[in-house]
Every structure is written in structure tokens, then in C-alpha cells.
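What follows is a short report on a single structure.
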Amino acid sequence: MSNLRNACTGLAPVHVYSKALSVVAGLVLAATPIASAEAKKPAPQPVAAAAVRLPSQSVADFYRARSGAPLWLTPKSGDAAQQLLTVLANARIDGLDPDKYHVSALHEAVARARSDPKAAQVADQQLSEAFAAYVSDLRKDPGIGIIYVEPQLKPRAPSPFAALLDAANAPSLAVYVGQIGWMHPVYGELRQALLSHGYASDHERELLTLNLERARVLPAGRNRYVVVNAAQQRLFMYENRQAVDSMRVVVGKPKYPTPLMTALIRFAALNPYWYVPPDLAAKRIAPNVLKRGLGYLDELGYQVMSDWVDNPNIIDPKTIDWKAVADGKTEVLIRQLPGPHNSMGRMKFMFPNSEGVYLHDNPERELFEQAARLYSGGCVRLEDAARLGRWMFGRELDWESATTEQRVPLNDPVPVYITYLTAMPDGGTIAYYDDVYGRDAARIASLGGGGDVASR
């Protein structure tokens with residue numbers, strides 16, 4: 001509990017700047033039909049999911065499962081091959097070396113394939129090898145200090161078979177490649193902004209590159225999950241790769257920044273206690289007891305406890321030397337009972353972690369009207385906890401009929417990704433947010449002041 005705080009502070013409002021993204025012109029070459037013999041072949045059917053369970057997961061296994069049918073060089077694939085060549089040629093944007101993917105050799109192979117059906121088969125597999133390697137490199141943990149509470153949420157490179165299976169089953173292979181569909185949509189849009197020079201200064205380019213690195217951690221799947229962007233002070237609910245709802249949140253003040261973290265929300269706690277950190281008890285509660293008397297504790301529902309357990313002994317506050325507590329000489333353990341004054345509000349959403357961070361309701365409604373909502377001790381306070389509960393549980397969470405600290409398990413735990421994106425796509429533009437925790441500045445300094453993540 002040592003990381004939980006509730007003292008309030010404030011900074012200048014977050015400044016949002018938008019820069020319209022320019023359109024990329026001429027980067028994608030028109031596809032040329034590949035060998036008329038290919039056009040006569042029946043379109044390959046999507047590979048059955050069961051094929052993923054093959055003993056090996058190589059590119060060769062993928063083609064064997066398709067009876068050798070091509071993926072890239074067919075009329076149905078449109079300009080997917082040229083899209084891939086363009087993406088690979090610009091891999092330096094992703095902090096990767098384009099030479100690793102043999103882009104020049106791929107261009108030559110595709111050119112030969114236009115007149116030689118046998119060469120087309122070789123070129124198709126070469127494109128798949130390069131694609132699988134590139135996807136694998138992008139889907140690795142970027143190593144930027146994220147706390148992975150649940151190991152399964154750490155980014156992992158898919159097998160070549162799995163990467164190609166997802167691509168083959170996309171409604172449009174060309175769109176899938178052009179939008180970097182194996183990554184989170186935010187990644188694709190930030191990358192596009194860099195590719196199209198959709199920035200007004202070198203500093204904005206640096207910010208786009210830094211945030212592209214952070215966006216690599218966000219999930220690419222179609223399942224439900226929550227994203228909390230501490231820099232934006234906003235929470236998003238995702239389904240099927242789309243943000244279906246969002247709300248304002250209060251996050252940690254600069255002294256107690258909300259950490260970068262991924263975890264699984266496993267249960268809600270209705271009518272929760274608030275366990276007051278001992279240092280905050282000394283700074284805020286003890287001075288009020290000295291000033292207003294022991295009635296202050298009764299008024300706000302504070303109890304002095306023997307220890308942090310479910311059924312502690314309640315200590316008579318008359319036996320406490322509150323002057324010593326205020327002076328930091330004596331430590332007390334205090335909890336606040338559920339009720340209208342409770343700092344947790346009526347519900348909290350738990351993803352047990354060593355940092356003591358979670359999502360919770362907040363009775364101080366005026367905080368959500370602030371432009372810079374940096375008031376917590378690291379936890380995330382929700383503008384509408386009940387609405388988030390309805391989305392996660394599919395029903396109302398009835399706190400009025402619930403007992404104290406009543407746990408409501410979530411049958412299907414929902415992943416939560418707490419991130420720090422100071423550059424975010426916003427309706428065709430990029431919005432930039434203040435570096436309230438100094439993480440951008442620290443990252444740029446670690447790179448020698450140039451901020452060129454792509455050269456790492």
C-alpha cells in the first residue's frame with residue numbers, strides 16, 4: 001500500500017496541438033498482373049485454424065497447408081506485394097534495418113515473376129519470409145520499462161505460420177498490410193504520420209517516434225480490453241480493434257506518476273474501504289485530528305487498525321499520540337469506511353499488482369472538470385465507474401445492495417494497458433500532450449539528446 005496517495009496538486013493545463021496529416025502520394029506502385037496462369041487458379045481458401053497446431057510453424061508449413069497456393073502474387077491480392085515492399089523499405093521508421101528484409105532482392109524477384117510462373121512461386125515465398133520476419137521484429141517487447149503483471153500480456157513474436165495465417169484471413173490483404181494490421185491501430189496511424197511527414201517540427205517528429213515505440217505494446221487482437229493513456233488522462237474501452245467508449249480519468253500527480261503497466265482486471269470491489277498510506281495519515285489526517293478533535297475521524301469514517309488484514313482489531317483513537325503521528329514519530333494504520341466521503345467512491349476494479357495501482361470511483365467530481373487531472377497517488381480515478389462496470393460485466397453493479405468490500409469476480413478477466421502516449425491520432429490529425437511525467441525528456445536524453453529512436 002505504500003504507493004497509494006491522495007494528496008492533490010495541479011499543473012498547467014494539457015496543451016493539445018493538432019497537425020493535419022498529409023496524404024502519401026506515389027509511395028505504393030500499381031500492381032502488375034502476375035502470369036496469366038495464376039489468374040486461372042482457384043482463389044485459395046482461408047487456412048483452417050486447426051492448421052496452427054502443426055508440429056512446425058514455418059513459412060514452408062504455411063504453403064503446404066495451402067497446397068502451394070500463392071498469397072501475394074494473385075489478382076485477388078491487389079497491390080499487397082507492392083504495399084509490403086513499401087512498408088519494408090521504410091522499416092527504419094520502426095527502428096528496424098530495411099536491409100534485413102532484402103528489399104532490393106525482393107523487387108527483383110517480383111519483377112521476374114511478371115513473366116515467369118515458376119519465378120512467381122519463389123517470389124511469393126520470399127515475400128512471405130520477409131513479411132514474417134518483419135512482423136516478428138515489430139511484435140517484440142520494446143524494453144521501455146513496462147510492468148507486465150501478467151506474463152501472457154507481454155508482446156510476443158508470432159510464428160511465421162501464425163503471422164501469415166492472419167494475413168491470409170484478412171478481408172483485404174492490401175489494406176491489412178498498408179494499415180499495419182498486425183499491430184494496434186494507434187501504431188499504424190502514428191507510423192503513417194511519420195511516413196507522410198505529418199509533423200510541424202523536428203521535436204514533433206521525435207515525439208511521434210517515441211510514441212510509436214510505446215504503441216508497440218498495445219494489443220493487436222479483436223478482444224475486449226481497456227487502455228488508459230496517462231498523458232491524455234483518458235480511458236478507452238476497445239472491442240474489435242475499435243474504441244467503443246471513453247471517459248476522463250484522474251491520474252497520478254508528477255510526484256507519484258501512474259506507472260506503465262499491463263494486467264488483467266479480475267474483479268470489482270463494491271463499497272470498498274480506503275486504506276490510508278501511513279505517510280498520508282501523518283500529513284493529512286493527524287493534523288486535522290489535532291485541530292478538530294477525534295470527532296473528525298467519526299465524521300469521515302476513519303478507523304485506526306491493528307494491521308492490514310481483512311478482520312483487523314480496531315484501536316481506540318484515544319490511545320494514539322496524534323502529535324507524534326503528525327511529527328512522523330509514530331505510524332498508524334487507518335482505513336476509511338464505505339460511504340459518501342470514501343476516497344474510493346462506490347467501486348474499484350482490481351488487477352492485483354505490487355504497485356498498489358487500480359481503477360476506482362471518485363466522489364470529488366470537480367476534479368474531472370480540470371484540464372490537467374493530475375491529483376492521485378498513482379491510481380486511476382474514473383469519471384464514470386458505473387459505466388465502465390456495465391461494459392465489463394454486461395450488467396449494473398448494484399453497490400446499494402452490496403455488503404462492505406463485496407468482491408464481484410469477472411468471469412472473463414479484461415486486460416488493461418496503462419500507457420503514456422504524448423502523441424495520439426485524433427480524427428486524421430495528431431494531438432500532442434504535455435510530457436507531465438518527464439518521460440519524453442528522459443528518453444530523448446538517454447538517446448544522447450537527439451531523440452532518434454529509429455537509429456537505436
Ordered by number, the trypsin sites (Lys or Arg not before Pro) in segment 243-296 that occupy a DSSP loop and have at most 16 other Cβ atoms within 10 Å are 255
Amide H contacts of residue 71 (H built 1.01 Å from N, under 5 Å, at least 5 apart or other chain): none
Mind ordering 205-217, 396-408 by average Cβ neighbours within 10 Å, highest first? 205-217, 396-408
Could you order the peptides 307-313, 145-151 from most to least packed, using the average number of other C-beta atoms within 10 Å per residue? 145-151, 307-313
For the residues 137, 426, what sequence is obtained by ranking on other C-beta atoms within 10 Å, fewest first? 426, 137
Efficiency of FRET between residue 267 and residue 243 - r from beta-carbon atoms, R0 25 angstrom, step 0.05: 0.55
Among trypsin sites (Lys or Arg not before Pro) in segment 119-163, those in a DSSP loop whose Cβ has at most 15 other Cβ atoms within 10 Å are 140, 156
Cβ-based exposure ranking for 144, 444, in which fewest neighbours within 10 Å come first: 144, 444
Would you order 136, 306 from fewest to most other beta-carbon atoms within 10 Å of each residue's own beta-carbon? 306, 136
By how many nm would the segment from residue 445 to residue 280 lengthen if fully extended, with 0.36 nm per residue of separation less the alpha-carbon distance? 56.1 nm
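No value in this document is a laboratory result; all are computed from the given coordinates. Remember, predicted model here, so these are calculated numbers, not experimental data. Reconstructed Cβ throughout: ideal geometry from the backbone, glycine too, with neighbour counts over all protein chains shown.
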